[in-house]
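Read the structure below first, then the notes.
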Amino acid sequence: MNSEPFLSLMLTSGGDNRILVPSGQNTNRYGASPYPRATLGYASSTANDISLAAFGHLESFVSQAPAGALSDPAYYAQTLEMQRSRLRQAWDLDEAVDVIFAPSGTDLEFVALALAKAWSGKHIVNILLGQDEVGSGCVFAAAGQFFAGETALEPHVAKGTYVEGLEETDLVNLPIRDEEGHPFDSAAIMERLNRIGEDHIQMGHHLLVHAVHGSKTGLILPDLAEIDRLRAQFGDSISIVVDACQSRLEPSAVQAYLDRGAMVMLSGSKFIGGPPFSGFLLVPPHQAPRRELAKGLTTLFRRAEWPVGWQSAAQLPDGANPGLLLRVEAALFELERYRLLPQECRNEVIDAFGKAVRALSDRLGAELVMPALSGPALHQSTLATLDLSKCQGQPDFATAQRWCRVLSARGLRLGQPVKCRKFPNGEWAGTLRISLSMPLIVELSDLSSEKLHQRLQNDITRIADVLEAAARPVVA
């Protein structure tokens, strides 16, 4: 029996319409496929095709499950609990760290917001850093509003309406780059955070501050020292959630945030390389809320996706989400086999990738957007954003989007362009994002040093050839 159609269908279920593959097409709106393809995948900053190895693992996983188990609530709860333990082990976390699963990283915004509300019992002021460099639906979810026309539990909701219990939310956006695309430093971000915080705390509000570890372009703001200052200044009047959904960080960095009492959002579908989408919220030990959670969470989450010991989550419905279970399993498979790879093997691939990206940038006449390739940390070394504003013809954002579609049609997948620099006329400049994923690093690590560099050179040459052809004016 061919299990590919069944698995592909399951992988696109149990989420919102972003993961659906329209009839007659073979990819979702991000150009990602729920089955393995022979494409060049440098698009982990946006979404990945599932790897052949992960797909094979899921085939084995499903074949070994008892008949009807995937839709059995008890099996769902039991398997998620095992996946929690594996996730903690892969990130070197204490068993006391709580894990909440979500159909996507965007859905985790509801969790962080609901927890801040339950902990404080106050009106929440949600401070979002750089809304142009986080997921597109985050602006809605961070305001407590449905970000799509459906959820993993409800086939019809009204996008932009409030989730019940999260109405008392104000969203404040803090830009993280200036008009020319230069990132603000952590001190400048802190100055604005302090002003906003003081004003709202005086009004009796509670602050939920989003730190960013690896934005769409790889930024980290504010840094750990500034987070410590926020904690010292505002105490119990502030909650901190770290958007690390790109997952381009080491276990030590995750632990550093948890040690400071911050929640950490991770996604299995970016650097980790799993299929779109899955999300994991890590909650520091002993922070289960005593107040009831927002009632509207019953339209978003099932009971098993929340920690077993949390009485505040008892109102959530039982049931199973087979699609989420399989997406989490695929992500864990990729994470675990990456962790088995010796550090020196990872470093060799990452270093070779950096050289190849610089060659692409030089050939196109593009500039690297900071912090791309500025250091060895994963958020710097595995994701590069190319600013096209000084390339021939000065491509704008719409042109960059078109070029990405042209590349994708030829089996060359890059990440979606991101808005980070403007032309003097106010229009957004074009960008391209090229990135590594865990499965790609594992794949490339099997090559000899000579073949590794040749493979990357060939890939970059193919990408550059297509881009240069797309940039040529059409002659009638």
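Note on segment 300-330: residues that are β-branched (Val, Ile, Thr) and surrounded by fewer than 18 Cβ atoms within 10 Å (Cβ to Cβ) amount to 1. On the basis of being in a loop (DSSP other than H, G, I, E, B) and surrounded by fewer than 24 Cβ atoms within 10 Å (Cβ to Cβ), does Arg248 make the cut? Against the criterion (in a loop (DSSP other than H, G, I, E, B) and surrounded by fewer than 24 Cβ atoms within 10 Å (Cβ to Cβ)), Arg248 does not qualify.
Within segment 190-231, the residues that satisfy the criterion of being assigned to a helix (DSSP H, G or I), among the hydrophobic types (A, V, I, L, M, F, W, C) and closer than 24 Å to Leu281 by Cα are Leu193, Leu224, Ala225, Ile227, Leu230.
So that you can scan it fast, the table gives a plain yes or no per residue for (1) surrounded by fewer than 24 Cβ atoms within 10 Å (Cβ to Cβ); (2) in contact with a Pro (Cβ under 8 Å, 6 or more places away or on another chain):
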| residue | (1), (2) |
| --- | --- |
| Phe234 | yes, no |
| Ile240 | yes, no |
| Ser252 | yes, no |
| Gly261 | yes, yes |
| Val264 | no, no |
| Ser267 | no, no |
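Taken over segment 424-453, the residue count meeting the criterion of being surrounded by 13 or more Cβ atoms within 10 Å (Cβ to Cβ) and either closer than 30 Å to Pro275 by Cβ or outside the structural domain of Arg413 (by TED's automatic domain parsing) (or both) is 20.
Here's the yes/no breakdown for (1) closer than 17 Å to Phe277 by Cα; (2) free of Cβ contacts under 8 Å to residues at least 40 places away in the same chain; (3) polar (S, T, N, Q):
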{"site": "Tyr35", "(1), (2), (3)": "yes, yes, no"}
{"site": "Ala38", "(1), (2), (3)": "no, no, no"}
{"site": "Gly56", "(1), (2), (3)": "no, yes, no"}
{"site": "Glu59", "(1), (2), (3)": "no, no, no"}
{"site": "Ala90", "(1), (2), (3)": "no, no, no"}
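The listed residues are Leu7, Leu20, Leu58, Leu87, and the only one of them that is within 20 Å of the chain's Cα centre (by Cα), modelled with pLDDT of 95 or more and outside the structural domain of Pro284 (by TED's automatic domain parsing) turns out to be Leu20. The single condition among (1) among the aliphatic types (A, V, I, L, M); (2) assigned to a loop (DSSP other than H, G, I, E, B); (3) in contact with a Phe, Trp or Tyr (Cβ under 6 Å, 6 or more places away or on another chain); (4) crowded, with 23+ Cβ neighbours inside 10 Å that Ile272 does not meet is (3). All of (1) touching a helix residue (DSSP H, G or I) at 6+ places or on another chain (Cβ under 7 Å); (2) surrounded by fewer than 18 Cβ atoms within 10 Å (Cβ to Cβ); (3) polar (S, T, N, Q) hold for Thr461 with one exception: (1).
When restricted to residues that are over 15 Å from the mean Cα position of the chain (by Cα) and either on the phi > 0 side of the Ramachandran plot or not in a strand (DSSP E or B) (or both), segment 113-130 contains 11.
The values are calculated or read from the model by the stated rules, or taken from the named source; none is laboratory data. Bear in mind that the values here come from a model prediction, so they are computed numbers and not experimental data. Neighbour counts run over all protein chains shown; Cβ positions are idealised from the backbone, glycine included.
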